[in-house]
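Please read the structure below before turning to the comments.
The values are calculated or read from the model by the stated rules, or taken from the named source; none is laboratory data. Quick caveat, the model's predicted, so the values are computed rather than measured. When we count neighbours, we look across all protein chains shown, and the Cβ atoms used for this are built from the backbone with ideal geometry, even at glycine.
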Amino acid sequence: MEPVVDKTTESKSAAHKPLQLKTYLMILVMVLAGPVGNVFLGMGMKAVSPIRFWPPAELAHSGLRVFASLPIWLGILSLITFFVAYMLVLSWADYSFVQPVSSVAYGVVAVLGWLVLGERVSALRWAGIGVICLGVFVVSRTGAQTTSALNSGNE
Amino acid sequence: MLVFVLFTIIVAAGTGGELCVSRAMKGVGEARSFHPAEIARVVLRALRQPWMWAGVAMMASAFFALLGALSMFNVSFVVPVTALSYVAGAFGGAAFLGERVTARRWIGVLLVTIGVTLVFFGKG
């Protein structure tokens, strides 16, 4: 893909420019890679459980089994993908925009848990996930900033 | 008991880590393209920010706590409960950063709390 050079990068605070395709693309990567990573981790940890936290020798032994597991590494790879996408998105868009949009991931993780891991998700739990997404949406509709301290270094 | 310790670490260290990373990225500036060299440049600049390291250390702690929780519970339970980070964020912002948390934001926080409670009690 040809690099898209953004002429308005100088004034990040004048962030009224429309969001670009690259931002939406990376958000899509975020809300897929994050849940996929968590599902892989869940798969891996279920396979090596129970984990004993005490004594320390047991914990070390459990740790070795965890990091010898393929799903754990696939999960870590997915989460690194998520993290890079997240950093890129945060450099293009405001946290207060990214936060509610990424709450879609709570729904995605439940769907994947149900489809891939065969987890039983009750109606009450689906309702809870819906209410969480609604709550995140309401949080995001409040002003992004009530102090100016954090941004003062950018001016 | 262990459950509460794990979720506390996931939420507190996770939220703290995100705040640190977010702050670090403010100092890095935008990535201007998808070009690998540009992405590498942004990542390298990010790694030179002390806030990034503080954030990464906290997120690593949260990650190991997450692994512990996932060894005991379903992902469709663990991940939604981590939404409590919005609650921690509001209280943390008000208490430590002196942010004024609006009534509307408290309503959102209350909704997240209700949602997590439903997830908590909605055993499959």
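So in region B:71-86, with the set limited to residues that are within 7 Å of chain A (Cβ to nearest Cβ) and under 17 Å from the mean Cα position of the chain (by Cα), which one is surrounded by the fewest Cβ atoms within 10 Å (Cβ to Cβ)?
Applying the filter and picking the extreme gives B:83.
Need the failing condition index for residue B:17 against (1) within 14 Å of the chain's Cα centre (by Cα); (2) within 9 Å of chain A (Cβ to nearest Cβ), just the number.
Checking residue B:17 against (1) within 14 Å of the chain's Cα centre (by Cα); (2) within 9 Å of chain A (Cβ to nearest Cβ), the one that fails is (2).
Looking only at region A:114-155, count every residue that is closer than 30 Å to residue B:20 by Cα and modelled with pLDDT of 90 or more and tell me the total.
8
Quickly run through region B:84-104 and pick out the residues that are modelled with pLDDT under 85 and of a type outside the set (Gly, Ala, Ser).
B:86, B:91, B:96, B:97, B:99, B:100, B:101
Checking residue B:33 against (1) surrounded by 21 or more Cβ atoms within 10 Å (Cβ to Cβ); (2) among the small types (Gly, Ala, Ser); (3) not in a helix (DSSP H, G or I), which test does it fail?
It is condition (1) that residue B:33 fails.
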